[in-house]
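Scroll down for the structure; my scribbles are underneath it.
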Amino acid sequence: MQINKIIIRNFGKIQDCTLELSDGLNVLSGSNESGKTTFYHFLRGMLFGMTRKRGKAAGKDTYSSYEPWENPDTFGGTIWFSTDGKEYRLTRNFSRTHHRFELTELDTGRRHTQRELEILLGGVSEAVYDNTVAVGQLKSVTGPDLTRELTNYMASCQGAADSRIRPDKAEQLLKLYRKGFMDQKEKRSRQLEQEIDKLHAKEEIWEKELTSVQNKLVEMVPHRDSLGAIEANPKKTLEKEPRLLRLQKAQRIYLLLSILGGMGTVVFLTLLLLGIPAQGNRMIYGFLWAGLSLGGVWLLVRNIIMARKASERRIRLYRSLDQKEHERKRKNRLREKLDWSIAQLREQEKELLSSLENVRSEYQAQEDLLYERGTWDEEIEALNLALTRIREASDAIRGRIGEDLQTRTSQILAELTDGKYKQVSLDEQLHMTVMDRERSVDVEQLSRGTIEQIFFAFRMASAELLCEGKHFPIVLDDVFGMYDEERLTAALTWLSRQERQVILCTCSDREGRLLDEAGLEYHELKLS
Amino acid sequence: MRFIHLADVHLGAVPDRGYPWSARRQEEIWDTFRQVIATIREESVDFLLIAGDLFHGQPLLQELREVSALFEQIPQTRVFVMAGNHDYLKEDSAYRRFTWPDNVYFFSGEKPERVKDPLLPVYIYGLSYEHQEITQALYEELVPWSDQEEFQIKEEDQEPFEEFHILLAHGGDARHIPIDLRAISRSGFDYIALGHIHKPQILIRDRAAYSGALEPLDRNDTGEHGYIVGWTQKGILRTRFVPAARRSYVDLVVDVTPEDTQVSLEEQVQTRVRSEGAGNIYRIILNGFRAPEQMFIPERLKRLGNVLEIQDNTKPHYELKELYNAYRSTLIGDYIASFFPEAIGRSDDWDPVEEKALFYGLQALLETH
């Protein structure tokens, strides 16, 4: 691709400026720094468009920076370019009110869309253009900073195909976010675990209580069982006592007999006094009377003794029964007390069992919460995915271009230094070494000029590789300020040998002079 | 006739363990239940229907005594209680050993029963859970029936009062007595007082409803909570939901715009929390687009009220297609493309994790840029 003509209609501070470009080397010398930068942004805007960013970012974006103060409606311009043997004219107006895009194929007059422009640009995106086609210079001044800038730059190019993208920094940032969410998750887990611990502590207390209740029951129940059922109040047991009954019966018989004896004595005595019995029988009657009365008296005495005995026995019996009744009541009281205690304990046991069941199901519910996905889980998962994808994409880029980039950089460096340095290598720890004719040299030991050369070689290699064969014009913005004349001549010679168009922006006349001295062809442009 | 239907009181529950308001919530569950009893004491209510899960777990005897003492305060009201799946009748459940006051009827088994009210021609049907899960549709076969001879002859000057058949039911999902709404509507009950589902919902207007949990118990119980009052008007039953809960769980959705900052976000949340009620318990959901360079610290919103969790769904305001075009063939371009197997475009059924990952990575890459 080659740019043939540029008309800047109204862009930043430049109005109605026409530049005719040739193939090969074009040297654009501007009166000041801002003019060249404006030119660079104009070209980028023309190729990739320019929109105003939203929100706070809008304040400092390119659009706002170059939006003209006067006639903002004519914000834009036209470029003529040729690619793949066809010529095109591209006109853009960036202003919001008069926005315009017009891409015309000059031979056929056919109009093309923005999408077709993207295809014509060979898929080179704005970011790739910024990185490769438009080449600036290293910003750092001192040695270690310079080396760091260069190695970071190269690492980013190899791992991200864009020197400005820092996958390592992005990774750090993502890990920081992840840490935040993990802390939250941790906090919540701790909180839940504390709650679960509290519930477990309750469970333990209740379990102990339950054991002590159950132990008491184990002691108490057999004791109670051994006491038997509660005894009912015994009634009239005294009267049924057999020995007493026998005694009473015997006594009654003696009483009856003594009464009969007494009655017999009276009958016989009466008969004797009346003289009824015959003389001869009187003795017999007398004896019978005496016998009867004696027997009656004996029986009476016997009866009295018996009655005494029975009454004594009764008293004794009453005494012992009284003792038994007392014992019965005492035992019953004990039984009742034990029954009550056992019922109490059983009630306690049931309450404790219910409490335990409740607390167990409660801590199970809390444990479920512990494994429940929280909002942070999704965030952590997303952050992990982001980290993986960045790593994968970066590895893919490194695999695709990393090695070629180093090979090509080494080649260009050899060409620029006339074979003095070759073989640039950058390891994974971002440690860069360069082979000179004999040995491997640490980049820190190289002069600033050589570092600038490595940087230049690397950028040129990136431009070739990342733009995938499309020979994009290279815009070099004041990159040779730090070069000595020998190195500058080598670089200019290398550039003039390239097939692609080169637009070299410079503030000094050094480049023109050296080109003239070396007898190299170039086209001079003035930015008015 | 006038009744109050409530359910899922979950006495003894401790909501949101570990959060500062947890202990207070445990109290409030009891307080609100006491408040309902106090309300009944002042108004004349014939029936208090408690459709299961009065307790959060197995009731303790002391808890039953407490509840029983409350019921004794409303002797004019007949209370019907059933055990639900949470306070189910275990073999040695305290429910089984408890003697209720005269005005309380407790359904004591899984076999459906019918109870005739001693005063009004009202029949209450119900059962109690004896297991944590019942997969049989126990209410399916149940139809109301009446005993002709029990018909009461009304006095001339009295408003005619027809028989009422009320079913007290708990469950409605596959593992807790499945309930077929159509079968219910055909069954002929005048009112079905349902429990188990914590969100109040009317199944058939004035005829079947879940009263919902009296107090919300966790973050899923958003919306209003309370009980249902039913009354007859010229023989026709009317019902009304009465909010009674002390607090609500509120999903506070904030639509973030690219102009928002942490301060403006906090102000918005503060205002919303004030207007919704500072006592409520919030889940804050941030939706919308934030400015790409704006990172919020959602944790700081937790100071603004009772905040359970914050869900940050905001996305940085990126034009993916533009970004992709600008960074094609670089890490950023390749990274974006890795989330879109086909082409750059937004599909509606995007996995939220993928979407979040894309924006996280993109933001990190662009920020360190």
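Every test in (1) on the phi > 0 side of the Ramachandran plot; (2) free of Cβ contacts under 8 Å to residues at least 40 places away in the same chain is passed by residue B:52 save one, and that test is (2).
Scanning segment B:269-298 for residues being within 24 Å of residue B:365 (Cβ to Cβ) and of a type in the set (A, V, I, L, M) gives a total of 4.
Exactly one residue out of B:129, B:95, B:123 is in contact with a Lys or Arg (Cβ under 7 Å, 6 or more places away or on another chain) and either surrounded by 15 or more Cβ atoms within 10 Å (Cβ to Cβ) or within 14 Å of chain A (Cβ to nearest Cβ) (or both): that is B:123. Among the residues of segment A:154-172, just one is surrounded by 20 or more Cβ atoms within 10 Å (Cβ to Cβ) and within 28 Å of residue B:311 (Cβ to Cβ), namely A:170.
Name the residue, out of A:294, A:356, A:345, that is surrounded by 16 or more Cβ atoms within 10 Å (Cβ to Cβ), more than 25 Å from residue A:229 (Cβ to Cβ) and at pLDDT 80 or above. On inspection, the qualifying residue turns out to be A:356. The residue list A:224, A:246 contains one member that is more than 30 Å from residue B:368 (Cβ to Cβ), at pLDDT 80 or above and surrounded by 14 or more Cβ atoms within 10 Å (Cβ to Cβ), which is A:224. Those helices (runs of 4 or more DSSP H) of segment A:422-528 in which 3 or more residues are aromatic (Phe, Trp, Tyr) and farther than 17 Å from residue A:149 by Cβ are absent. Could you run through segment A:170-195 and say how many residues are more than 9 Å from chain B (Cβ to nearest Cβ) and more than 14 Å from the chain's Cα centre (by Cα)? Number satisfying all stated conditions: 1. The residue list B:273, B:307 contains one member that is farther than 20 Å from residue A:382 by Cβ, of a type in the set (A, V, I, L, M), outside any helix (DSSP H, G or I) and in contact with a strand residue (DSSP E or B) (Cβ under 9 Å, 6 or more places away or on another chain), which is B:307. Within segment A:113-129, being outside any helix (DSSP H, G or I), of a type in the set (A, V, I, L, M) and farther than 14 Å from residue B:323 by Cα holds for one residue alone: A:121. For residues that are aliphatic (A, V, I, L, M), within 14 Å of chain A (Cβ to nearest Cβ) and surrounded by 18 or more Cβ atoms within 10 Å (Cβ to Cβ), scanning just segment B:258-307, find the one that is farthest from residue A:369 (Cα to Cα). By that ranking, first place goes to B:291.
Is it true that some residue in segment A:460-483 is more than 14 Å from every other protein chain (Cβ to nearest Cβ), under 17 Å from residue A:521 (Cα atoms) and free of Cβ contacts under 8 Å to residues at least 40 places away in the same chain? For segment A:460-483, residues more than 14 Å from every other protein chain (Cβ to nearest Cβ), under 17 Å from residue A:521 (Cα atoms) and free of Cβ contacts under 8 Å to residues at least 40 places away in the same chain: absent. Contact map, segment B:8-22: residues that are facing chain A (nearest Cβ under 8 Å) paired with residues that are part of a loop (DSSP other than H, G, I, E, B), Cβ distance under 7 Å, separation 6+ or inter-chain. Pairs shown: B:12/B:56; B:12/B:57. Pairs meeting the criteria (first residue in segment A:136-157 and within 20 Å of residue A:506 (Cα to Cα) and among the β-branched types (Val, Ile, Thr), second residue surrounded by 15 or more Cβ atoms within 10 Å (Cβ to Cβ) and modelled with pLDDT of 70 or more, beta carbons under 9 Å, at least 6 apart or on different chains) are A:141/A:448.
Selection of segment A:372-397 for residues being part of a helix (DSSP H, G or I), surrounded by fewer than 18 Cβ atoms within 10 Å (Cβ to Cβ) and more than 9 Å from every other protein chain (Cβ to nearest Cβ) yields A:377, A:391, A:395.
Filtering segment A:199-213 for residues that are without any contact (Cβ under 8 Å) to a residue 24 or more places away in the chain, within 11 Å of another protein chain (Cβ to nearest Cβ) and in contact with a helix residue (DSSP H, G or I) (Cβ under 9 Å, 6 or more places away or on another chain) leaves an empty set. Just so you know, in segment A:322-365 the residues that are within 11 Å of chain B (Cβ to nearest Cβ) and among the hydroxyl-bearing types (Ser, Thr, Tyr) include one that is farthest from residue A:221 (Cα to Cα), and it is A:363. If the condition is being in contact (Cβ under 8 Å) with a residue 60 or more places away in the chain and either surrounded by fewer than 17 Cβ atoms within 10 Å (Cβ to Cβ) or part of a helix (DSSP H, G or I) (or both), then segment B:98-120 contributes B:119, B:120. Determine, yes or no, whether residue A:272 is of a type outside the set (Val, Ile, Thr), surrounded by 14 or more Cβ atoms within 10 Å (Cβ to Cβ) and in a helix (DSSP H, G or I). When the stated conditions are applied, residue A:272 passes them.
The values are calculated or read from the model by the stated rules, or taken from the named source; none is laboratory data. All figures in this text were calculated on a predicted structure; none of them were measured in a lab. Every residue, glycine as well, gets a Cβ built from its backbone with ideal geometry; the counts of neighbours run over all protein chains shown.
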